[in-house]
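Okay, structure first, notes after.
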Amino acid sequence: MIIKHLIRKEFLQIRRNAFLPRLILVFPVVIMCVMPWVMNQEVRNVRVCVVDSDRSVLSQRMVHDIEQSDYFIFTGQMPTYRAALKEIERSRTDIVLSIPPHYSRDLALGLRPQVLIAANAVNGTKGSIGSSYLSQIVGSAASAMPTAAVSTLFLYNKHLGYKVFMIPALLAIVMMLMCGFLPALNIVGEKECGTIEQINVTPVAKWQFILAKLVPYWIIGLFVVTVCLVLAWAVYGIVCQGPVLLVYLLAMLLALFFSSLGLLVSNYSDTMQQAILVMWFFVVCLLLLSGIFTPTRSMPDWSYMTTYVNPMHYFIDAIRTVFVRGGDLQSIGHQVLALAGFDVVMCSWAIVSYRKNS
């Protein structure tokens with residue numbers, strides 16, 4: 001009965017706050033409706049100019065393929081390679097395609113003439129991926145000899161839609177921020193207001209107090225997950241390929257970890273500024289080292305080792321397995337066990353670290 005009244009108190013505090021109810025409603029909507037469009041690592045609108053020293057049908061075919069591509073912006077042809085480099089220096093183009101003289105004739109004679117692709121690699125991703133796209137166009141146009149047909153089958157995401165890859169990650173980000181920062185600011189806010197002293201003089205046990213603090217944010221986490229899933233279906237037509245109950249299970253495990261982390265940070269903080277800075281430190285580290293944006297195998301060995309103690313990494317791996325690939329509980333068993341282990345440790349630490357006599 002005591003826990004029931006404590007949970008009711010937490011919900012009353014959230015409802016009477018002029019800002020939190022609006023944040024809980026608006027934040028997941030903004031994240032799901034805006035971020036999938038802007039957090040897109042596909043390289044498009046790469047500006048290309050061509051130096052055509054061959055002036056053949058084949059070279060003109062390359063130029064037309066570049067003009068028709070959705071990934072390139074054709075900025076025109078330059079008379080010399082030096083003039084084209086000046087365009088890169090003036091930031092008017094990103095890649096120069098230089099076709100040598102007699103390119104078509106040498107190719108017909110069975111020789112291997114070289115086409116130069118010079119890319120502005122200040123932005124390494126744009127330069128490398130743009131050059132790769134352009135190399136495919138050159139290779140396709142230069143394939144004069146008939147070759148065996150090659151078909152490519154894309155599994156799980158046949159249209160290579162980046163939104164399919166990013167929506168589970170955005171779900172993790174929303175859960176992390178909503179269920180991490182709000183509990184962290186809860187106890188600190190009560191410390192600053194002095195209301196925490198009224199709880200400390202009551203016979204409420206520490207575990208009861210911590211549990212009452214966590215339950216509302218678990219419910220908020222479930223609400224946020226539901227909103228995100230509905231928006232993914234309604235706005236983008238993307239639905240979970242696996243059991244939806246597993247998505248809620250993973251979300252609950254992640255919400256339990258971050259809400260416990262938030263309470264743990266608040267137990268050691270005296271002001272909201274301290275709690276916000278400490279939580280931001282942990283959130284950024286866990287986020288960037290989890291594999292949300294880049295593959296973890298691309299990390300150096302020493303940083304890859306941190307993924308073994310990063311709950312976000314296990315959640316991202318599991319949620320994409322269920323949401324995108326349609327995996328079942330058996331396929332994410334070790335991730336679920338790892339998240340449960342992190343939850344036990346963080347909840348126990350949050351209970352032990354709370355000082356009723358503070």
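Give the residue that is farthest from LEU339 (Cα to Cα), with candidates limited to residues of segment 237-277 that are without any contact (Cβ under 8 Å) to a residue 40 or more places away in the chain and outside any loop (DSSP other than H, G, I, E, B).
GLN273
Answer yes if at least one residue in segment 302-309 is assigned by TED's automatic domain parsing to the domain that holds TYR162, hydrophobic (A, V, I, L, M, F, W, C), outside any helix (DSSP H, G or I) and surrounded by fewer than 19 Cβ atoms within 10 Å (Cβ to Cβ), and no otherwise.
Within segment 302-309, not a single residue is assigned by TED's automatic domain parsing to the domain that holds TYR162, hydrophobic (A, V, I, L, M, F, W, C), outside any helix (DSSP H, G or I) and surrounded by fewer than 19 Cβ atoms within 10 Å (Cβ to Cβ).
Among VAL265, VAL278, VAL284, which is the only one that is out of contact with any helix residue (DSSP H, G or I) (no Cβ under 8 Å at 6 or more places or on another chain) and in the same structural domain as GLY341 (by TED's automatic domain parsing)?
Testing whether each residue is out of contact with any helix residue (DSSP H, G or I) (no Cβ under 8 Å at 6 or more places or on another chain) and in the same structural domain as GLY341 (by TED's automatic domain parsing) leaves just VAL284.
Yes or no: ALA108 closer than 19 Å to SER131 by Cβ and in the same structural domain as TYR133 (by TED's automatic domain parsing)?
Numbers: closer than 19 Å to SER131 by Cβ: no; in the same structural domain as TYR133 (by TED's automatic domain parsing): yes.
When the stated conditions are applied, ALA108 does not pass them.
Here are GLY221, GLY262: which of them is buried (at least 20 other Cβ atoms within 10 Å of the Cβ) and either closer than 24 Å to PHE165 by Cα or at pLDDT 90 or above (or both)? Quick ask: steps written out before the conclusion?
Values: GLY262 fails: either closer than 24 Å to PHE165 by Cα or at pLDDT 90 or above (or both).
Selected residue: GLY221, the only one of GLY221, GLY262 that is buried (at least 20 other Cβ atoms within 10 Å of the Cβ) and either closer than 24 Å to PHE165 by Cα or at pLDDT 90 or above (or both).
Any idea how many residues of segment 136-160 are in contact with a Phe, Trp or Tyr (Cβ under 8 Å, 6 or more places away or on another chain) and either surrounded by 10 or more Cβ atoms within 10 Å (Cβ to Cβ) or at pLDDT 75 or above (or both)?
Within segment 136-160, residues that are in contact with a Phe, Trp or Tyr (Cβ under 8 Å, 6 or more places away or on another chain) and either surrounded by 10 or more Cβ atoms within 10 Å (Cβ to Cβ) or at pLDDT 75 or above (or both) number 1.
For ARG8, indicate whether it is of a type in the set (Lys, Arg), surrounded by 13 or more Cβ atoms within 10 Å (Cβ to Cβ) and in a helix (DSSP H, G or I).
In short, no.
For the subset of segment 93-105 comprising residues that are closer than 16 Å to LEU134 by Cβ and in contact with a helix residue (DSSP H, G or I) (Cβ under 7 Å, 6 or more places away or on another chain), which member is surrounded by the fewest Cβ atoms within 10 Å (Cβ to Cβ)? Give the derivation first.
Residues of segment 93-105 that are closer than 16 Å to LEU134 by Cβ, as a first pass: 93-100, 103.
Of the ones still in play, those that are also in contact with a helix residue (DSSP H, G or I) (Cβ under 7 Å, 6 or more places away or on another chain) are 93-99, 103.
Details: THR93: 25, ASP94: 26, ILE95: 25, VAL96: 23, LEU97: 26, SER98: 20, ILE99: 24, TYR103: 23.
Applying the filter and picking the extreme gives SER98.
Condition first: surrounded by fewer than 23 Cβ atoms within 10 Å (Cβ to Cβ) and of a type in the set (A, V, I, L, M, F, W, C). Now tell me which residues in segment 238-252 satisfy that.
Listed by number, the residues that qualify are ILE238, VAL239, CYS240, VAL244, LEU245, LEU246, VAL247, LEU249, MET252.
Going through segment 20-58 one residue at a time, which ones are closer than 17 Å to VAL115 by Cβ and exposed (fewer than 14 other Cβ atoms within 10 Å of the Cβ)?
Scanning segment 20-58 gives ARG55, VAL57.
Going by the conditions given, is SER290 touching a Pro at 6+ places or on another chain (Cβ under 9 Å), surrounded by 13 or more Cβ atoms within 10 Å (Cβ to Cβ), modelled with pLDDT under 90 and not aromatic (Phe, Trp, Tyr)?
On the way: touching a Pro at 6+ places or on another chain (Cβ under 9 Å): yes; surrounded by 13 or more Cβ atoms within 10 Å (Cβ to Cβ): yes; modelled with pLDDT under 90: yes; not aromatic (Phe, Trp, Tyr): yes.
So SER290 fits the description; yes.
Of the residues VAL201, VAL235, only one is assigned by TED's automatic domain parsing to the domain that holds ILE173, surrounded by fewer than 19 Cβ atoms within 10 Å (Cβ to Cβ), touching a Cys at 6+ places or on another chain (Cβ under 8 Å) and not aromatic (Phe, Trp, Tyr); which?
VAL235
Residues to consider are ARG61, ARG44; find the one that is in contact (Cβ under 8 Å) with a residue 60 or more places away in the chain and either on the phi < 0 side of the Ramachandran plot or under 31 Å from the mean Cα position of the chain (by Cα) (or both).
ARG61
Mind telling me which of the residues ASP70, ASP94 ends up being modelled with pLDDT of 90 or more and within 14 Å of ARG44 (Cα to Cα)?
The conditions single out ASP94.
The values are calculated or read from the model by the stated rules, or taken from the named source; none is laboratory data. As the structure is a prediction and not an experimental result, all values here were calculated from the model. No Cβ is skipped: glycine too gets one built from the backbone with ideal geometry, and neighbour counts run over all protein chains shown.
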